[in-house]
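*Asks:* First the structure, which I've put down as structure tokens, then a few questions once you've had a look.
Read the figures in this text as sums done on the coordinates, not as results from a lab. Note that the structure is a prediction, hence the values are computed from the model and not measured. For neighbour counting, all protein chains shown are included, and Cβ atoms are generated from backbone atoms with ideal geometry for every residue, glycine included.
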Amino acid sequence: MKQTLLILTAALSLPFAAAQTGTLAPAFGDTLNLKTPLNVRDLNRDTFYKVIVPLARKEGSLTLYNFAASFPPLWKEVVIPRFQQKYGIKVNFYDTTSDVADQQLVAAHRAGQSAPTDVYFAPGGKAGFYKASGVLANLPLYALLPEARLYQKAAATSAVGVQHGGSFMPFHRNQTAIAYNSALVKAADVPRTFPALLAWAKKNPGKLAITSALKGGSGGGFAMSAASALMGASCKAQFMDQSVTADAAAQWVKTSGCLNSTWTYLKAINGLSEVTNGNNDTYNLIANNAASMGTVWEDGVYTYVQRRQLPDSVRLTLLSPGEVGGGDGLFVTADAPHPAAAMLFIDFALSADIQTWKLENMASRSVRLGIGSDKITGKNAQNLLPGNLYPKFSLSWPADAMQVAFRDAYAAQVLGGR
């Protein structure tokens, strides 16, 4: 076994030893961390298809994990059939949750086993975890994939402040927002700020649906956006420090005093609202007119309207000075048994056709140049955030360590440990 590992290490390090002096270097770290050997000595954007397609077809298949609840139709009905038709490579698809998938990947990595998936569509907020735990392959996808050529470099090489060198490719951009039923709420009454939203909730008790910060991303996004809006510049700079450690974040949340006004605000508005156990519950309350306003995801509202699960009278707004938005990405797992097929699949998913389809059908925004919301026209455009609000009032998320510390404190300070 020891001899086999030494041979494997040599097989992996030689191409990159050469690459570091010539063509290619890993996205981070000193050597390629792929478990399965992949000869990439002569690999670059210009040679990608010539080198990778034969290797991918030889591997014959790949496995894709999806964590996002609304994305299986995109994968199963659009991306996978088109990819299989073009390359003749079978894709095994599994819909899961990030917690389950993360546990499986880390367990396999620690045991020295092949990963259960080759490609993982994963939450952007966990990019730092995937890098630190060793499950993220340090392949420089941004520098290698031909389709990545038209992607914004900053978005393609970092995620929520984590520098990953282009190994975690942005596939989906999303934005938290406030949704309201325009048939029930007059335009003049739509809140524009966080204090104005609280005032509206006081006038309309029980008609605001707030997703719990512990149960759905839109709720956590709302709570952290409120925190950013209600604290001073010095506190905000500390809150948004992307280099903060878990211990430092926990200590800051506990002792800085910067969040006192946030806890007061959230207690007040939660007491006037229907606090839901997930994004879908919030959408359903709006659909049934039990709530006329709520915390949401832009793409979630758009998709629900398209499926006629929400009335087309639902509109979106962003509260000043802003609400958090981000995105999720695709990466090759370090222990992928089919790394060539995985790279080819990600390149295909980044193509203009796929990015345009998910924008037009799911309001899934893209950082690919030329794929903007102007592609959604007519009646459908009314279910997107207005151009005068997005991206003007779109904020970055705090670092993952700060998000964890914030949610822990939210449970204690706002929910009383519930």
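*Asks:* Give the percent of DSSP beta bridges with both residues in segment 53-167 that are antiparallel, rounded to the nearest 5.
*Replies:* Percent antiparallel among DSSP bridges in segment 53-167 is about 20.
*Asks:* Under unit Cβ charges (Lys, Arg +1; Asp, Glu -1), what dipole magnitude, rounded to 20 debye, does the chain have relative to its Cα centre?
*Replies:* The dipole of the chain has a size of about 440 debye.
*Asks:* Arrange the following residues from fewest to most other Cβ atoms within 10 Å of their Cβ: Ser364, Ser313, Ser273.
*Replies:* Ser313, Ser273, Ser364
*Asks:* Sticking with this structure for a sec: Hey, fewest Cβ within 10 Å first, where do Phe345, Phe28, Phe194 land in order?
*Replies:* Least to most surrounded, the residues fall as Phe28, Phe194, Phe345.
*Asks:* Please list 74-81, 327-334 highest first by mean number of surrounding beta-carbon atoms within 10 Å per residue.
*Replies:* 327-334, 74-81
*Asks:* Starting from 0.36 nm per residue, how many nanometres of slack lie between Arg57 and Ser133 once their C-alpha separation is accounted for?
*Replies:* 24.4 nm
*Asks:* Then there is this: How much FRET efficiency would the formula 1/(1 + (r/R0)^6) give for Thr255 and Arg149, where r is the Cβ-Cβ distance and R0 is 41 Å, rounded to 0.05?
*Replies:* 0.30
*Asks:* Quick check: convex hull of the Cα atoms in segment 258-365, volume per residue, rounded to a whole Å³?
*Replies:* Per-residue hull volume (Cα only) is 177 Å³.
*Asks:* Holding the Cα-Cα limit at 22 Å, pick out from Lys203/Lys267; Lys236/Lys358; Lys86/Lys358; Lys131/Lys215; Lys186/Lys379; Lys58/Lys86 the pairs that are longer than that.
*Replies:* Violating the 22 Å Cα-Cα cut-off are Lys236/Lys358; Lys131/Lys215.
*Asks:* 7 Å from Cα along Cα→Cβ at both Ser182 and Ala412: what's the point-to-point distance in nm?
*Replies:* Using points 7 Å along Cα→Cβ, the separation is 4.5 nm.
*Asks:* Place +1 on the Cβ of every Lys and Arg and -1 on the Cβ of every Asp and Glu in segment 31-131, take the dipole about the Cα centre, and give the residue among Val119, Leu105, Leu55 whose Cα lies farthest towards its positive end.
*Replies:* It is Leu55.
*Asks:* Subtracting the Cα-Cα distance from 0.36 nm times the residue separation, let me have the gained length for Val100 to Asp247 in nm, one decimal.
*Replies:* Taking Val100 through Asp247 to full extension adds about 50.4 nm, to one decimal.
*Asks:* Can I ask one more? Neighbouring Cβ atoms within 10 Å as the yardstick, rank Arg82, Arg308, Arg149, Arg173 fewest first.
*Replies:* Least to most surrounded, the residues fall as Arg308, Arg149, Arg82, Arg173.
*Asks:* Which length gain, in nm to one decimal place, applies between Ala268 and Asp46 when the Cα-Cα distance is subtracted from 0.36 nm times their residue separation?
*Replies:* Once the chain is fully extended between Ala268 and Asp46, it gains 74.2 nm.
*Asks:* Something else about it: Under a crude label model (7 Å from the Cα following the beta-carbon direction), how far is Lys202 from Arg307 in nanometres?
*Replies:* 3.8
*Asks:* Sticking with this structure for a sec: I'd like the FRET efficiency for Arg110 and Tyr87, computed as 1/(1 + (r/R0)^6) with the beta carbon distance as r and R0 of 45 Å, rounded to 0.05.
*Replies:* So, using R0 = 45 Å, E works out to roughly 0.90.
*Asks:* Kindly work out what percent of the DSSP beta bridges joining two residues of the chain are antiparallel, to the nearest 5.
*Replies:* Of the beta bridges lying entirely in the chain, close to 60 percent run antiparallel.
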